[in-house]
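Enquirer: To start, I am sharing the structure in question, which I have written as structure tokens.
The values are calculated or read from the model by the stated rules, or taken from the named source; none is laboratory data. Just so we're clear, the structure is a prediction, and the values are computed from it rather than from any experiment. Cβ placement follows ideal geometry from the backbone for every residue including glycine, while neighbour counts extend to all protein chains displayed.
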Amino acid sequence: MQKMFNNMKVLILDQSQYLTHISDVSGLANLEKFSFTNCESLITIHNSVGYLIKLKTLNALNCQKLESFPPLHLPSLNQLHLYSCKSLKSFPELLCEMTNIEAIDIINTSIEELPISFKNLSKLGVLNISSVSLKILPECLDECHHLVQINMDGCTSLEEIRGFPPRLTQLSAVGCVSLSWSSRRWLLSEVCCFILQYIVFDI
């Protein structure tokens, strides 16, 4: 029995109505896909989830009571789904460089900031943070050299843009009603310095 679990590669707990905690999974060292979508009673996730070094897909879509996520040391990860986790207040700390993730979608969450370690998503190309509770778009985005597209529509709490990816070609910031005038002017000056395919935002 122990050997069978050691060799497990896929674990699906989707729509587990009464699941409140993800327990210690350190014994599942070969796990490649872990999904617990639509677990609306889920409150906590054990830190061991962040150390499944062979994990490629981590899916936590629509876990509406989940407020925090453990730090991630997942060098093999290529898909991370956190969108519609409406109570999630912080993006997980990234403890290693994660070169296989090209897109992140964290729409409809309560995430208030992106950690400095966000730059460890060194090959990230697309960032969708629409309808997120972010006060600042941080400086660490300056170091996301592959990031070409950002959608932050509906980020009504966003006040400042401090980071601007050097290769950005598409930016949408419709409905960012709290964005300061200094950030708007700075953003327009950046547009003058870079050739963007399009930029859409409220002025």
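Enquirer: Restricted to the stretch 38-77, and to residues that are touching a strand residue (DSSP E or B) at 6+ places or on another chain (Cβ under 7 Å) and of a type outside the set (A, V, I, L, M, F, W, C), which residue is surrounded by the most Cβ atoms within 10 Å (Cβ to Cβ)?
Expert: Of everything passing the filter in the stretch 38-77, Gly50 is surrounded by the most Cβ atoms within 10 Å (Cβ to Cβ).
Enquirer: Applying the selection to the stretch 24-43, what residues are in a loop (DSSP other than H, G, I, E, B), over 15 Å from Ile53 (Cβ atoms) and under 22 Å from the mean Cα position of the chain (by Cα)?
Expert: Across the stretch 24-43, the qualifying residues are Phe36, Thr37, Asn38, Cys39, Glu40, Ser41, Leu42, Ile43.
Enquirer: Now for a different question. Within the stretch 166-183, can you find the residues that are surrounded by 16 or more Cβ atoms within 10 Å (Cβ to Cβ) and either farther than 22 Å from His81 by Cα or in contact with a Pro (Cβ under 7 Å, 6 or more places away or on another chain) (or both)?
Expert: Those that are surrounded by 16 or more Cβ atoms within 10 Å (Cβ to Cβ) and either farther than 22 Å from His81 by Cα or in contact with a Pro (Cβ under 7 Å, 6 or more places away or on another chain) (or both): Leu168, Gly175, Cys176, Leu179, Ser183.
Enquirer: Let me ask another. Based on this model, can you work out whether Leu124 counts as surrounded by 15 or more Cβ atoms within 10 Å (Cβ to Cβ) and not assigned by TED's automatic domain parsing to the domain that holds Phe5?
Expert: yes
Enquirer: Name the one entry in Asn128, Asn120 that is in contact with a Leu (Cβ under 8 Å, 6 or more places away or on another chain) and under 22 Å from Leu171 (Cα atoms).
Expert: Selected residue: Asn120, the only one of Asn128, Asn120 that is in contact with a Leu (Cβ under 8 Å, 6 or more places away or on another chain) and under 22 Å from Leu171 (Cα atoms).
Enquirer: Another question, then. Of the residues Leu74, Leu58, which single one is under 19 Å from the mean Cα position of the chain (by Cα), free of Cβ contacts under 8 Å to residues at least 40 places away in the same chain and in a strand (DSSP E or B)?
Expert: Leu58
Enquirer: Working carefully through the options Glu139, Glu113, Glu97, find the one that is of a type in the set (Asp, Glu), within 22 Å of Leu61 (Cα to Cα), without any contact (Cβ under 8 Å) to a residue 40 or more places away in the chain and surrounded by fewer than 18 Cβ atoms within 10 Å (Cβ to Cβ).
Expert: Every option except Glu113 fails the conditions.
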